[in-house]
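Taken together, the values in this text are just the output of simple stated rules run on the coordinates, not laboratory data. This one's a predicted model, so the numbers in the text were calculated from it and none came from an experiment. Here the Cβ positions follow ideal geometry from the backbone for every residue, glycine too, while neighbour counts run over all protein chains shown.
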């Protein structure tokens, strides 16, 4: 029998357990209005982080690497992963169509572009194409993560 600490699926199962818990809360206790407010707050936080002077070129986070990936880029991707699940939970519940799903993906990509492009206009921030690519990867990873989560919750 494998040890739980050595089983690589342990972290994945724990992650799905957390997502399932949030999903159950969304269905049992939260209504659509609360989900929409949470989604709006999430988008506002992303935009606020984009304009605040927190990560300049001399920031120490730019020198930290995780599995040969700069931590800054990894955080950009991780921050944008929840966009698709939150948008689907707050919008598609009312009308789950292919058109709405495509609009969510396109709006996520637009948010990624806007969040990074704003920094080009600010003198204390810098535009970085790698950050934009990481934002886009985060949006893209949000799609299969939500699909896998939905498949996991059906069983």
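Were the residues from residue 120 through residue 54 laid out at 0.36 nm apart, the gain over their Cα-Cα distance would be 22.3 nm. Extension gain, residue 67 to residue 141, is 24.9 nm, computed as 0.36 nm per intervening residue step minus the present C-alpha separation. Note on the stretch 31-154: percent of Cα-Cα distances in each 10 Å bin, starting at 0 and stopping at the bin with the largest distance, equals 13, 41, 31, 13, 2. Ordering 73, 42 from the fewest to the most neighbouring beta carbons within 10 Å gives 42, 73.
With a Förster radius of 25 Å, plug the Cβ-Cβ distance of residue 100 and residue 45 into 1/(1 + (r/R0)^6) and report the FRET value to the nearest 0.05. The computed FRET efficiency comes out at 0.60.
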